[in-house]
């Protein structure tokens with residue numbers, strides 16, 4: 001299909017130009033596929049199944065990532081743990097983004113006391129280190145997966161408020177928007193045609209970055225014992241369980257850690273790729 | 001006839017990656033004590049020519065050929081330490097935008113003393129030397145100025161400081177890249193007068209870059225006109241103003257508003273837009289906009305012929321019928 | 001100038017505005033902490049209060065009652081808490097009977113020392129790698145530097161810590177944190193050894209964004225006009241690097257470091273736990289598992305105050321470095 005040379009190239013095309021972005025996308029895709037396998041139970045072994053006779057054995061053809069001290073298959077548990085981490089993180093960031101962007105746009109657009117209130121509220125939340133706040137909230141709410149997701153969502157909502165509010169403030173001051181307001185265009189239309197296009201790009205990038213932070217926070221929480229509870233598998237929990245046996249069974253520490261690292265790297269690269277693709281200035285970091 | 005202070009031969013400048021010619025071939029000389037002006041539109045290559053003398057070309061742009069001989073040394077082949085020694089002491093430069101040309105977090109006094117520090121030893125007399133030059137360029141309250149930061153001064157004052165910095169070690173050659181373009185007209189006049197006076201006092205050679213012919217008339221001895229990376233005409237100020245040979249020069253002069261002309265005619269302008277140097281093949285770069293152009297002009301590129309007093313690169317100079 | 005003009009000038013003058021802003025943020029934080037940590041588990045707190053206060057003396061129980069604002073309405077509970085907190089009554093720990101204020105006084109210096117060491121290490125590493133990368137953008141060294149930054153970000157602190165513990169304790173048999181913790185003034189050398197590994201882990205987390213900021217600040221500054229002026233004056237390249245390029249790149253680096261400090265405090269929670277450092281992080285964690293609500297509430301409040309304090313200090317440093325900002 002011949003490309004019309006006059007039509008501007010889309011973000012997708014530019015995204016493909018960035019090697020790191022493509023690599024990131026591949027890594028991310030891999031992890032998503034892995035999680036989907038876990039969701040449907042397409043795993044070589046049951047993550048909870050204990051095979052004591054095979055305990056603490058290294059990677060083999062039967063147990064690709066080896067086994068832990070209870071003889072559980074680390075490969076299956078890693079996939080299951082990845083699924084859990086992604087579920088919690090995606091839920092958390094979806095909530096945070098939805099609420100944050102809405103508040104941010106409203107705040108920037110309406111201005112005055114509402115804006116001040118929202119900004120002060122964000123500053124209050126920003127004053128807490130992420131893990132600490134998530135910890136504190138989880139301690140009062142409970143640690144089922146949706147409560148954890150909610151706690152993480154609270155922590156990461158302010159950044160979306162800030163990211164959405166910025167462009168709104170800038171665009172609001174632009175002459176061409178002032179003119180449309182004078183001409184009596186409805187606020188909804190102004191929002192849709194002028195503000196939304198400017199806000200979408202930074203938000204998309206922020207979603208990728210926040211997902212990577214959320215995964216780190218979630219695994220940090222389960223490492224500390226405040227997320228997923230044993231015997232269920234969660235990447236952070238697996239690292240914690242691996243602590244006492246790591247000297248004799250490096251695979252118990254290595255593979256869950258690698259999974260976390262890969263997905264975080266993937267998300268960061270995707271975020272960078274998106275930033276380069278969607279930024280009109282086309283600057284690379 | 002004495003030896004030229006600066007002799008530029010066949011200087012070419014282009015981009016490094018995916019090479020494009022920015023300056024095709026520039027040849028000129030500056031004698032000791034002589035002031036030469038370079039006139040041209042944006043994109044003519046005049047600023048790059050000036051920057052290349054001190055090796056200050058921006059990232060991604062480099063000298064592609066030719067030589068720059070200063071006092072017997074070819075600057076295009078000189079090692080970094082030789083260049084460093086020259087800069088600020090034998091050859092100095094004043095830049096176009098005074099707002100960005102000074103370090104915002106360093107006191108002015110320190111920035112000035114840096115010039116001395118880079119070439120000689122700083123001693124008790126250094127501060128007095130700097131203050132003396134500041135007074136010469138017309139900075140009021142010199143002691144306070146030394147302790148001030150650039151953002152506390154206006155554009156005109158900052159430019160004076162830049163000039164003071166350039167004159168501090170009495171260079172043999174002062175290069176000025178449109179130092180008045182960013183300033184108000186009244187301030188412009190002050191700066192021009194200041195530079196003129198300093199040059200005569202110190203018997204410096206000067207290379208003055210500008211896009212404004214009007215500015216340069218009382219300032220320099222000879223004039224070089226550049227277009228699309230080439231020199232199209234050069235000669236004494238008198239010759240160029242009274243008898244311009246190249247149609248482009250003629251056009252530039254005609255577009256100057258005249259104080260004496262009360263006829264209220266429309267100002268003439270040269271039709272078309274300035275040519276990009278890298279798109280010029282083996283033709284006269286000005287031909288597309290030239291009212292005297294013939295097929296000869298697109299068949300090959302004209303060469304610069306003539307003397308120091310007057311030379312032109314054109315197949316149909318104005319004197320021709 | 002009229003009286004009204006003069007008053008608004010004073011009120012809106014920068015120091016007054018900033019202090020007011022800081023105070024209102026602190027106020028907001030206290031309300032937030034109260035709502036999140038007290039309102040939701042409200043009933044369990046009251047419940048636990050009755051049962052688990054066996055260790056405390058009657059006076060301590062009274063103090064704790066005031067701290068929690070027992071039998072008061074919700075807004076009064078908040079005021080009661082605020083009043084207690086500001087007068088030094090941070091409540092009492094159920095299990096040990098020690099006042100939380102004194103526990104905090106012991107734990108806070110540990111966390112601050114750790115945070116400082118982490119920040120210093122992180123800034124040094126970050127600036128070093130960032131400068132290394134920026135020298136030749138797009139080259140192999142740049143790629144290596146950026147890879148380091150990415151890894152430092154993506155490998156979680158707890159993974160790095162666990163790896164260090166495993167390798168050092170089991171393979172090299174060198175693990176200063178296995179011994180009882182010593183304070184800086186008791187035995188500086190041992191203390192620093194105990195701070196070394198956790199400080200390194202935190203430092204690496206800080207180094208990643210500092211490296212990124214350093215690199216982009218340097219690359220941006222290098223193209224600035226005043227750098228060209230400096231070269232054109234004949235300044236030697238080392239002085240151009242330090243006085244002109246680095247000095248002007250500091251501002252974004254300082255800003256980024258200040259931002260990172262908040263994350264550092266969070267990382268401290270995990271790292272103190274793994275390396276057995278008796279700091280605020282471990283205190284909070286322990287309190288959460290033991291359902292010591294008063295400790296959690298007071299400690300979280302202290303963390304937030306610390307973070308705000310760092311912000312203010314960063315702001316002051318910022319003003320010192322950049323002469324363009326009016327004091």
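A short reminder: the numbers here are calculations on the coordinates, not readings from a lab. In this text the structure is predicted, and so the values were computed from the model without any measurement. Cβ sites come from the backbone with ideal geometry, for glycine too, and all protein chains shown count toward neighbours.
With just the Cα atoms defining each centre, how far is the stretch A:188-220 from the stretch B:208-245? Give it in Å. Cα centroid to Cα centroid, the span is 56 Å. The stretch C:60-128 and the stretch A:73-135 have their alpha-carbon centroids 26 Å apart. Could you work out how far helix B:108-119 tilts from the main Cα principal axis of chain B, as a 0 to 90 degree angle to the nearest 10? Here the helix axis deviates by roughly 80 degrees.
Scaling the Cα radius of gyration of the stretch C:153-304 by the globular reference 2.2 N^0.38 Å produces a ratio of 1.40.
Convex hull of alpha carbon positions in the stretch B:49-88: directionally averaged projected area 3.0 nm².
Computed over the Cα atoms of the stretch C:229-292, what is the ratio Rg over Rh, Rh following Kirkwood?
Details: Rg = 21.5 Å, Rh = 15.1 Å.
Dividing the radius of gyration by the Kirkwood radius yields 1.42.
Under the Kirkwood approximation applied to all pairs of distinct alpha-carbon atoms, what is the hydrodynamic radius of the stretch A:61-127 in Å? By the Kirkwood definition, the hydrodynamic radius is 15.3 Å.
Three semi-axes describe the equivalent ellipsoid of chain C; taken as square roots of 5 times the Cα gyration tensor eigenvalues and ordered largest first, they are 42, 30, 15 Å. Its Kirkwood hydrodynamic radius, worked out from the mean inverse distance over all distinct Cα pairs, puts the protein assembly as shown at 33.0 Å. If you take the Cα centroid of the stretch C:218-245 and the Cα centroid of the stretch B:109-177, the two points sit 18 Å apart. Our summary of shape: the Cα atoms of the stretch C:167-218 have principal axis extents of 42, 30, 12 Å, ordered from largest down, in whole angstrom.
Legend: mean number of C-beta atoms from other chains within 10 angstrom of residue C-beta atoms, peptide C:276-283, equals 1. Give me the log10 of I(q) over I(0) for the stretch B:243-307 at q = 0.13 Å⁻¹, as the Debye formula computes it from C-alpha points; what are the numbers? Those come out to -0.46, one per q. Extent of the stretch B:70-199 along its three principal axes (Cα atoms, max minus min coordinate, largest first): 40, 35, 27 Å.
How big is the Rg/Rh ratio for the stretch B:111-153, C-alpha atoms only, Rh by Kirkwood, two decimals?
Details: Rg = 10.7 Å, Rh = 11.0 Å.
Ratio value, two decimals: 0.97.
Hey, what D do you get for the stretch C:161-251 in µm²/s if you plug the Kirkwood alpha-carbon radius into Stokes-Einstein at 25 °C and 0.890 mPa s? Intermediate results must be reported in sequence, preceding the final value.
Numbers: Rh = 16.6 Å.
Answer, rounded: 148 µm²/s.
P(r) for the stretch A:1-146, from all Cα pairs and a bin width of 10 Å, is 9, 20, 24, 24, 14, 7, 1 %, short bins first. From least to most packed, judged by other beta carbons within 10 angstrom and beginning with the fewest, C:195, A:238, A:56 follow the order A:56, C:195, A:238.
Counting only other chains, what is the mean number of Cβ atoms within 10 angstrom of the Cβ of each residue in peptide A:213-223? Walk me through the intermediate numbers first.
Values: counts 2, 0, 2, 7, 2, 0, 3, 7, 1, 1, 9.
Across the residues of A:213-223, the mean count of other-chain Cβ atoms within 10 Å is 3.
Take every DSSP beta bridge whose two residues both sit in the protein assembly as shown; close to 60 percent of them are antiparallel. Going from the fewest other Cβ atoms within 10 Å to the most, the residues B:129, A:84, C:319 appear in the order C:319, B:129, A:84. The mean sequence separation of alpha-carbon pairs under 8 Å and at least six residues apart, normalised by the residue count of the stretch B:101-211, gives a relative contact order of 27 percent.
Take each residue in B:103-110, count the other chain C-beta atoms within 10 Å of its C-beta, and the mean is 5.
Specify the angular offset, from 0 to 90 degrees and rounded to the nearest 10, of the alpha carbon long axis of helix A:112-126 from the longest principal axis of the alpha carbons in chain A. Helix A:112-126 sits roughly 20 degrees off the main axis of chain A.
Rounded to the nearest angstrom and listed largest first, the equivalent-ellipsoid semi-axes of chain A from its Cα gyration tensor are 42, 24, 13.
The ratio of the alpha-carbon radius of gyration of chain B to the globular-protein estimate 2.2 N^0.38 Å is 1.04.
Between residue B:181 and residue A:64, the simple spin-label model (points 7 angstrom out along Cα→Cβ) gives 6.3 nm.
For the stretch B:181-289, the spread of Cα positions along the three principal axes, ordered from largest to smallest, is 45, 37, 28 Å. Using only Cα atoms, tell me the angle between helix C:140-154 and the longest principal axis of chain C; keep it within 0 to 90° and round to the nearest 10. That helix lies at roughly 10 degrees to the long axis.
The Rg/Rh ratio of the stretch C:90-211, with both radii computed over alpha carbons and Rh defined as the Kirkwood radius, is 1.10.
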